[in-house]
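Enquirer: One structure follows; several queries about it will come next.
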Amino acid sequence: MIPELGHFALILAFVVSIAQGVLPLVGARQGQAQWIALARPAAQTQFLLVAVAFGCLAQSFLGNDFSVSYVAQHSNTQLPSLYRFSAVWGGHEGSLLLWVLMLAGWGAAVSLASRRLPEVMVARVLAVLGLVGIGLLAFVLFTSNPFDRLLPAAAEGRDLNPLLQDPGLVFHPPMLYMGYVGFSVAFAFAIAALISGRLDAAWARWSRPWTTAAWVFLTLGIALGSWWAYYELGWGGWWFWDPVENASFLPWLVGTALIHSLAVTEKRGAFKNWTVLLAIAAFSLSLLGTFLVRSGVLTSVHAFASDPRRGVFILVLLAVVVGTSLTLFAWRAPKVGAGGNFGLVSRETLLLMNNVLLVVATGSVLLGTIYPLLIDALGMGKLSVGPPYFNAVFVPVMVPLLLLMAIGPMARWKHADPKAIARRLRVSLALAVIAGIGLPLLMGAWTPLTAISSLLAVWIVASGVFQIIERMKTGKPSAAFWGMHIAHFGIAVFVFGVAMVGGYQEEKDVRMEPGDTVQVGGYGFRLLTVKDAPGPNYRAAVGSVELSKNGRVLKTMYPEKRSYFSSQMPMTEAAIDAGFTRDVYVSLGEPLGNKGAWSVRVYYKPFVDWIWGGCLLMALGGLIAMLDRRYRLRVKVGAGVTAGVAA
Amino acid sequence: MKQRFLIPLAVFFVLVIFLAIGLTLNPRDLPSPLKDKPAPAFTLPQLAAADKTFSPTDLKGKVWLLNVWASWCVSCRQEHPLLVSFSKQNDLPIIGLNYKDQGADAKNWLARFGDPYLLSAVDADGRVGINYGVYGVPETYVIDKAGTIRMKHTGPITPESLKTQILPLVAELSK
Amino acid sequence: MKLRSILLCCALMFAGAATAKEAAPMATDVAVEKRMVAISEELRCLVCQNESLAGSHAELALDLRREIRTMIGEGKSDQEILDFMVARYGDFVRFRPPVKPTTWLLWGGPFLLLAGGIVALIVFLRRRVREEAAPRLSDEEHRRAAALLDQSKP
């Protein structure tokens with residue numbers, strides 16, 4: 001019964017999304033207040049219905065209902081109940097339902113938190129979200145129904161992929177999807193503005209907090225995914241430029257550009273077309289990512305089992321959504337005015353440079369990601385584009401961007417005085433140069449990359465601190481000001497972590513018998529024992545490794561090698577001793593021979609946690625900026641409805 | 001002047017065309033660089049008789065199949081019945097390359113599931129496998145009279161791939 | 001959701017690991033090890049397709065790493081080792097695609113984009129400066145217009 005209820009709720013949600021997508025839009029055009037007023041309740045109903053469907057699927061998982069095909073494929077009675085819940089999004093169908101739930105959730109959030117906006121604007125925004133919802137709900141219902149029954153029911157489920165039996169799965173996909181899907185709101189605002197022909201500062205102000213919110217989630221989601229890969233995959237990497245990682249990184253890059261461009265549009269009314277285009281691009285790249293992950297066109301570690309119908313469906317959806325939006329853009333954009341003036345040296349120009357660099361970075365990553373597909377489609381063979389390529393093209397674009405990052409916030413709007421900026425940056429420059437020379441030497445070896453990264457990190461932090469001190473003298477800075485600087489500090493921390501771990505990590509791949517020792521990064525490791533230990537649904541070989549420094553024993557680490565009963569899949573659970581300035585990472589390979597020897601990998605990773613710490617700071621900065629007072633200011637309401645309808 | 005606003009649409013349109021073509025392709029379908037190259041030479045002991053060896057030159061002048069298999073390989077069992085029945089009906093020599101396996105396990109496996117091979121060569125450390133570019137057992141190579149690799153099939157052979165790809169090629173090469 | 005395909009094939013490869021016979025010779029020479037890691041980071045593990053040879057735990061990756069160590073020991077250059085891999089597995093194993101006509105766009109693309117971006121930026125800024133020279137609303141007028149607009153919409 002429960003799965004049928006869920007299926008039925010999903011069908012109802014589909015019907016409601018049609019109403020939500022069409023009626024308010026027509027109402028806004030013809031000035032029918034009742035139809036306009038439908039938007040909010042429709043969005044909230046849709047969310048409730050999708051939530052019911054989601055709850056039904058979750059209940060099927062928790063109740064081990066293996067008559068539901070999706071549950072039978074992704075769960076097992078031995079699975080701990082936390083993972084039985086997160087298994088809801090452990091496969092294609094359920095994760096797509098999560099996608100739709102997030103979409104409906106953002107819609108409901110807009111409907112609740114937009115009391116200050118003109119009704120007609122809200123109606124259009126929610127209608128656009130409804131239209132996107134139609135497409136995705138149809139995708140779920142017609143190609144990927146998670147409620148399909150299995151006849152006869154399976155006696156036991158096939159189990160969740162062991163890699164996913166991890167707290168990482170509980171948090172990473174929801175966060176990531178919140179971000180991914182959250183750009184739909186910025187997209188909807190942009191499309192609504194294009195439809196109404198009113199692209200103005202008010203539009204930018206309304207969509208800014210929503211964009212930032214989505215960006216915060218996406219930042220956290222990507223960081224969580226990276227951290228998960230780091231401790232779960234057992235090779236100590238944190239980013240691999242995998243097509244699916246890139247699929248989440250592309251909207252992030254464009255979203256970052258969008259946040260900055262929205263600032264100009266809000267404050268100065270300039271770059272309106274560009275901002276709209278970025279808003280469309282951010283969500284389009286989210287959809288493109290969904291296509292890449294779920295169609296199987298690219299070889300990726302994340303690939304879902306693919307069904308050609310799904311690929312076709314989502315490609316059509318992509319073509320319709322993005323094609324329509326870009327057509328609308330081409331039609332409306334030429335009529336949009338240029339906005340406020342600014343001089344050659346001004347904050348506007350610097351932000352535009354930021355945008356150009358971020359878009360170039362996006363384009364390069366996109367090119368590298370789909371290039372194997374392009375070449376294959378042209379029948380010119382198979383090739384791989386991997387980390388060496390991306391590092392080679394991405395880093396050179398980031399360096400000028402990071403250099404500008406310290407200068408941008410110092411420049412005034414409209415006209416900035418280059419000499420004054422230079423004067424204010426003198427101290428930061430000096431500190432940065434000292435850091436560039438000194439920090440790498442302090443770490444033991446000077447390399448160009450670690451030098452320039454240290455220089456950039458200190459450059460950003462020093463100029464940020466300088467600006468904060470300067471600003472504190474003239475009164476209390478706004479939340480937006482704090483948020484920006486905290487996010488920028490986050491970038492600096494991130495860059496520093498990346499450079500340190502890239503430049504100074506050490507690893508050893510050794511054969512160890514109990515009693516053997518190995519030295520890495522100044523730490524000593526002694527393998528004490530490897531013992532069998534039972535787990536809830538797996539058996540593990542647990543190694544005990546004694547960690548010491550300068551002969552002093554610090555602690556014992558327990559790397560595991562697990563074998564899951566249901567799939568016989570071996571899993572590496574690395575043991576990590578995390579620290580502020582370094583991680584020590586031990587992973588157990590395979591047993592070697594019959595003397596109890598194992599292959600063991602040992603890593604010393606300086607400052608690796610700064611990578612994720614930097615991401616946390618970025619997200620925190622976004623959160624603080626989002627809470628700025630001005631977004632909560634109630635601007636004279638009243639005239640809104642009628643004026644809006646008339647437009 | 002206004003055409004520039006159409007650029008994003010045009011770029012997107014091209015992208016969609018490529019993605020659509022991409023949907024019809026299989027990214028895991030890797031062509032072997034060894035196609036139309038001489039089969040790498042090796043001399044390996046035979047599984048059934050460790051004192052005897054096998055080398056590809058032994059079959060010079062014949063068309064033959066080299067099938068890479070192992071007792072630990074799950075998909076090998078999937079294609080095995082097909083090979084067994086095929087070997088009964090045809091006299092095309094099939095040589096097994098027993099890849100990174102234990103001698104006893106391999107012999108048991110053949111005893112249990114049938115032995116379609118003229119003989120199996122033992123590649124215990126996988127070095128010959130590396131020279132043949134083996135990456136996903138089972139793999140099957142079609143080698144012509146001159147000792148040139150004419151085709152490589154990765155993964156289990158299916159009745160369909162046997163009928164539509166391997167047999168026509170073998171028939172043509174045997175002429 | 002994640003990693004299904006690599007796991008499947010890793011599982012296939014690992015199925016033999018329980019009975020692994022031979023300890024992979026772990027390098028004793030740090031310099032050799034460093035070079036081996038550097039080379040294997042450039043190469044794709046064909047079993048667990050989106051991992052590098054350096055990162056993969058698949059048995060084939062262990063074998064190939066051993067092979068690379070052997071070749072380093074034989075005094076082969078990095079290029080010779082890469083060629084060895086490409087001859088057996090094709091260009092597909094290289095994470096850094098070779099520069100040739102089919103990859104010109106790949107390698108040149110980012111620079112074209114950057115150049116295009118800079119040119120577009122300059123053109124845009126120059127046009128704005130020119131437009132600015134023409135008489136337009138003064139700042140005061142702008143402010144008043146904005147204030148009026150702000151009243152009409154919330």
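Enquirer: Which helices, taking whole DSSP H runs in chain A, have alpha carbons extending 20 angstrom or more along the helix axis plus mean Kyte-Doolittle at least 1.6? Please report the intermediate quantities before stating the final value.
Expert: Working: long enough: A:2-30 (41 Å, 1.33); A:39-62 (34 Å, 1.12); A:92-112 (30 Å, 1.30); A:119-143 (35 Å, 2.22); A:167-196 (45 Å, 1.45); A:201-232 (45 Å, 0.28); A:243-268 (37 Å, 0.42); A:272-295 (34 Å, 1.24); A:308-332 (36 Å, 1.39); A:347-377 (43 Å, 1.30); A:387-407 (30 Å, 1.82); A:418-443 (35 Å, 1.28); A:448-473 (38 Å, 1.18); A:479-504 (37 Å, 1.51); A:609-626 (26 Å, 1.51).
Correct list, ordered by number: A:119-143, A:387-407.
Enquirer: Related question: Looking only at other chains, what is the average number of their beta-carbon atoms within 10 angstrom of each beta-carbon in C:55-64? Each step should come with its number before you reach the end.
Expert: Details: counts 8, 3, 12, 1, 4, 8, 1, 5, 6, 3.
Average per residue, whole number: 5.
Enquirer: Only four residue types carry charge here, +1 at the Cβ of Lys and Arg and -1 at the Cβ of Asp and Glu. Report the dipole size of the stretch C:24-98 about the Cα centre in Debye, rounded to the nearest 20. Mind dumping the intermediate values first?
Expert: Values: 10 positive and 13 negative charges, 13 e Å.
So the magnitude is around 60 debye.
Enquirer: Please list, in chain and number order, the residues 5+ apart from A:Trp413 or on another chain whose amide H is under 5 Å from its amide H, with Hs placed from the backbone.
Expert: For A:Trp413, whose amide H was placed from the backbone, the distant partners under 5 Å are A:Arg347.
Enquirer: What is the mean number of Cβ atoms from other protein chains located within 10 Å of the Cβ atom of each residue in peptide B:131-137, rounded to a whole number?
Expert: Numbers: counts 4, 1, 7, 4, 13, 7, 5.
Average per residue, whole number: 6.
Enquirer: Take peptide B:99-105, look around each residue's Cβ out to 10 angstrom, count Cβ atoms belonging to other protein chains, and average those counts.
Expert: Other-chain Cβ atoms within 10 Å of each residue's Cβ, averaged: 3.
Enquirer: Step through the residues of the stretch C:122-127 one at a time and calculate ³J(HN,Hα) from phi using the Karplus curve (6.51 cos²θ - 1.76 cosθ + 1.60, θ = phi - 60°), rounding each to whole Hz and writing x for Gly and Pro.
Expert: In residue order, the calculated couplings are 5, 4, 4, 5, 5, 5 Hz.
Enquirer: Which Cα, out of A:Leu403, A:Tyr389, A:Leu328, lies furthest along the positive dipole direction of the stretch A:294-434 (beta carbon charges, K/R +1, D/E -1)?
Expert: A:Leu403
Enquirer: How far apart, in nm, are two points set 7 Å out from the Cα along the Cα-to-Cβ line at A:Asp516 and at A:Glu156?
Expert: Once both label points are built, they end up 3.6 nm from each other.
Enquirer: Which value, in debye to the nearest 20, describes the size of the charge dipole of the stretch B:1-54 about its Cα centre when Lys and Arg Cβ atoms bear +1, Asp and Glu Cβ atoms bear -1, and nothing else is charged?
Expert: 340
Enquirer: So what is the accessible area of the stretch B:97-162 per residue, in Å², with the probe set to 1.4 Å?
Expert: Numbers: 2310 Å² over 66 residues.
With the other protein chains kept in place, the stretch B:97-162 gives 35 Å² per residue.
Enquirer: Ok, one more. Taking the Cα centre of the protein assembly as shown as origin and charging only Cβ (+1 Lys, Arg; -1 Asp, Glu), how large is the dipole, in debye to the nearest 20? Please report the intermediate quantities before stating the final value.
Expert: Working: 90 positive and 67 negative charges, 764 e Å.
The calculation lands at about 3680 debye.
Enquirer: Still on this structure, please answer the following. Using a Förster radius of 25 Å, what is the FRET efficiency between B:Asp29 and B:Val84 based on their Cβ-Cβ separation? Nearest 0.05, please. Intermediate values should be presented prior to the final figure.
Expert: Numbers: r = 26 Å, r/R0 = 1.06.
After rounding, the FRET efficiency stands at 0.40.
Enquirer: At a Förster radius of 35 Å, what calculated FRET efficiency corresponds to the Cβ-Cβ distance of A:Ala430 and C:Phe124, to the nearest 0.05?
Expert: Working: r = 34 Å, r/R0 = 0.98.
After rounding, the FRET efficiency stands at 0.55.
Enquirer: Can you tell which of A:Ala540, A:Tyr371, B:Ser55 lies farthest toward the positive end of the dipole of the protein assembly as shown, using +1 and -1 charges on the Cβ of basic and acidic side chains (Lys, Arg; Asp, Glu)?
Expert: The listed residue farthest towards the positive side: A:Tyr371.
Enquirer: I would also like to ask the following. Check which residues have an amide H placed less than 5 Å from A:Gln32's amide H, if you skip close sequence neighbours.
Expert: none
Enquirer: Now for a separate question. Quick one: which residues, 5+ away or cross-chain, put their amide H under 5 Å from the amide H of A:Arg149? H built at 1.01 Å from N.
Expert: Residues meeting the amide H criterion: A:Ser69.
Enquirer: Shifting gears a bit: Can you tell me which of A:271-279, A:388-396 comes out highest on packing, and rank the rest after it, using the mean Cβ neighbours within 10 Å?
Expert: A:271-279, A:388-396
Enquirer: If you don't mind, another one. Could you tell me the distance between the Cα centroids of the stretch A:570-615 and the stretch A:247-297, to the nearest Å?
Expert: 36
Enquirer: What list of ³J(HN,Hα) values in whole Hz, one per residue of the stretch A:510-523 in order, does the Karplus curve 6.51 cos²θ - 1.76 cosθ + 1.60 (θ = phi - 60°) give from phi, with Gly and Pro shown as x?
Expert: 10, 9, 10, 9, x, x, 5, 10, 8, 10, 9, x, x, 9
Enquirer: Suppose all protein chains stay in the model; what accessible area per residue would a 1.4 Å probe give for the stretch A:101-163, in Å²? Before the final figure, lay out the partial values.
Expert: Values: 1990 Å² over 63 residues.
Accessible surface, normalised per residue, equals 32 Å².
Enquirer: Over the stretch A:329-417, with the other protein chains present, what is the accessible area per residue in square angstrom, probe 1.4 angstrom?
Expert: Accessible area per residue, the stretch A:329-417: 33 Å².
Enquirer: With each pseudo-label sitting 7 Å past Cα toward Cβ, what's the A:Leu82-C:Ala38 distance in nm, one decimal?
Expert: 4.3
Enquirer: With the Cα gyration tensor of chain A in hand, convert its eigenvalues to equivalent ellipsoid semi-axes via √(5λ) and list them largest first in whole Å. Please report the intermediate quantities before stating the final value.
Expert: Details: eigenvalues 352, 266, 79 Å².
Each semi-axis is √(5λ); the values are 42, 36, 20 Å.
Enquirer: Can you work out ³J(HN,Hα) from phi for every residue in the stretch A:63-71, in order, using Karplus 6.51 cos²θ - 1.76 cosθ + 1.60 and θ = phi - 60°, giving whole Hz and x for Gly and Pro?
Expert: Along the stretch A:63-71, the couplings run x, 6, 7, 7, 7, 8, 4, 5, 5 Hz.
Enquirer: What is the interface area between chains C and A, defined as buried accessible area summed over both chains with a 1.4 Å probe, reported in Å² to the nearest 100? Show your work: numbers first, answer last.
Expert: Working: alone 11620 and 27240 Å², together 32550 Å².
Chains C and A together bury roughly 6300 Å² of accessible area.
Enquirer: Just going by the charge dipole of chain A, with Lys and Arg at +1 and Asp and Glu at -1 on Cβ, which of A:Gly91, A:Tyr631, A:Gly522 is farthest out on the positive end?
Expert: A:Tyr631
Enquirer: Oh, and also: Need one number: nm distance between label points at A:Leu627 and A:Lys555, each 7 Å from Cα along Cα→Cβ, rounded to one decimal.
Expert: That separation, rounded to one decimal, is 3.1 nm.
Enquirer: Calculate the length of the line joining the C-alpha centroid of the stretch A:94-145 to that of the stretch A:319-392, in whole Å.
Expert: The distance from the Cα centre of the stretch A:94-145 to that of the stretch A:319-392 comes to 26 Å.
Enquirer: In whole percent, how big is the carbon plus sulfur part of the accessible area of the protein assembly as shown, probe 1.4 Å, protein atoms only?
Expert: On the way: 25120 of 39030 Å².
The C+S portion of the solvent-accessible surface of the protein assembly as shown is 64 percent.
Enquirer: Among bridges DSSP assigns within the stretch B:33-173, what percent are antiparallel (round to 5)? Don't jump to the answer; show the numbers that get you there.
Expert: Details: 14 of 24 bridges.
Taking every DSSP beta bridge with both residues in the stretch B:33-173, the antiparallel ones total about 60 percent.
Enquirer: Also: Ordering A:Phe342, A:Phe466 by accessible area with a probe of 1.4 Å, largest first, what comes out?
Expert: Values: A:Phe342 5, A:Phe466 65 Å².
Order by accessible area, largest first: A:Phe466, A:Phe342.
Enquirer: Could you state how much accessible area is buried at the B-A interface, both sides summed, with a 1.4 Å probe, in Å² to the nearest 100? Don't jump to the answer; show the numbers that get you there.
Expert: Values: alone 10620 and 27240 Å², together 35750 Å².
Looking at B and A, the buried total is near 2100 Å².
Enquirer: Further question: Counting pairs of alpha carbon atoms under 8 Å apart in space and at least six apart in sequence, what relative contact order in percent does chain A give? Display every interim value, and only then the final one.
Expert: Values: 1178 pairs, mean separation 81.5, N = 647.
With pairs under 8 Å counted, the relative contact order is 13 percent.
The values are calculated or read from the model by the stated rules, or taken from the named source; none is laboratory data. Everything numeric here is computed off the predicted structure, so don't read it as measured data. Cβ sites come from the backbone with ideal geometry, for glycine too, and all protein chains shown count toward neighbours. These accessible areas exclude ligands, DNA and RNA; they are computed on the full protein's heavy atoms, side chains included. Shrake-Rupley method; radii C 1.70, N 1.55, O 1.52, S 1.80 Å.
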